[in-house]
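Okay, structure first, notes after.
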Amino acid sequence: MDIYLTALALGGVGLVGMAVSGLGQHGHAGHSISGGSHASSNRPHATGHTPHAHGGHSTNAQQGSSNPLVALMSPRVLFSVALGFGTAGLVLQDALSGPALFVASLGLGILFERFVVTPIWNFAFRFGSNPAATLEGSVMDEATAVTAFDKNGQGLIAVEVDGQMIQILGTLQRDDRDMKVKVPAGSRLRIQDVDAARNRCTVSLI
């Protein structure tokens, strides 16, 4: 089989396989994490919904900081160059032949990987690497008392987790309870500790 046709087929199949596999892994990871944040079926949810603006962090940015020789040997780069090399060879074979065709095709394959595949790949996967926030990550975040706290220093609070306002049980930290601090509804609170297994947290008055 012609070397250029073989390279075209190998590069195309390899890139498609990697793209499907990568998107599947990101989708599965996102489902697992978001599922964990809603593991407790008795967690009430507020109707408010305020999306976060997460900064994009691409996995390819981490690759770019590694050894360039290692990056050049990555499967994605090799498949991309092979696809560009094969395509260029088939297109140019009527105008060039022998070593000239090979060199021109290889050069175009490298340019194809650098200026076509890499930007598209980075754009496609930059959101997939952002993990969903969980309740455990809300320590030191601000919360709001939904109900007035009772004499035991407990009440319902609302806190934003991964763009959603959720309501959980809040308990005043011991010092505030000993001082019998009053927490009316609407008070601003600071989350000091989280017990995700019991769906509750310890808070202090701001």
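The values are calculated or read from the model by the stated rules, or taken from the named source; none is laboratory data. Keep in mind that this is a model prediction, so the values were computed, not measured. Here the Cβ is made from the backbone with ideal geometry for all residues, glycine too, and neighbour counts use every protein chain on show.
Results, tabulated for the structure shown:
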quantity: Considering residues of the stretch 169-184 that are of a type in the set (D, E, K, R) and in a loop (DSSP other than H, G, I, E, B) only, the residue surrounded by the fewest Cβ atoms within 10 Å (Cβ to Cβ); calculated: Lys180
quantity: Residue in the stretch 107-148 that is modelled with the lowest pLDDT, counting only those that are of a type in the set (A, V, I, L, M) and assigned to a helix (DSSP H, G or I); calculated: Ala124
quantity: Candidate set: the stretch 185-198, residues that are crowded, with 16+ Cβ neighbours inside 10 Å and part of a loop (DSSP other than H, G, I, E, B); chosen: the one modelled with the lowest pLDDT; calculated: Ala196
